[in-house]
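Input: a single structure, listed below in structure tokens.
None of the figures in this text is laboratory data; all of them are computed from the coordinates on show. These numbers were taken from a predicted model, which means no experiment stands behind them. Here Cβ is always computed from backbone atoms with ideal geometry, including for glycine, and neighbour counts include all displayed protein chains.
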């Protein structure tokens, strides 16, 4: 297999892959290309500041008090102007839905805990925890079993 990367700021971006047939690698490449929006940050608004939040530093994006909130690696909360459903289509594929009102950065999930009520909670590296709906947990399990 050959690999060639040409970086030219003046050329239009284009990705071409020539393969003998579809495989798991071609599916991963296609998913990566489709999920890439070109943006690597979101603008977050604190009480008296506006901050550029790197996507890798966001633990999750959730709805609290009817506002879209991003929680970063330190547990700080920033209001986001975009709607959650719009963010779901724009964010990279490592942001997964864990319930109706939360998108989680799967790289920042520390573990899944069984809750006393019989449900499952996602525990993030910053200490924040949120419940995982049964439907989303089934999808997450399929995703991890496919690895």
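Remark: 136, 60, 126 ranked as 126, 136, 60, counting other beta-carbon atoms within 10 Å and listing the fewest first.
Ordering 63, 98 from the fewest to the most neighbouring beta carbons within 10 Å gives 63, 98. Summed over qualifying helices (DSSP H, 4 residues or more, each -39500 (n - 2.57)) and divided by its residue number, the chain shows a 222 nm mean residue ellipticity of -6500 deg cm²/dmol. Note on 89, 26: ascending count of other Cβ atoms within 10 Å places them as 89, 26, the fewest first. For region 41-145, relative contact order (Cα pairs under 8 Å, six or more residues apart, normalised by length) works out to 19 percent. Comparing mean-square fluctuations of 54, 115, 104 from a GNM of the chain with C-alpha springs under 10 Å, the top value falls on 115.
Taking only the Cα atoms of the chain, the ratio Rg/Rh comes out at 1.03, with Rh defined as the Kirkwood radius.
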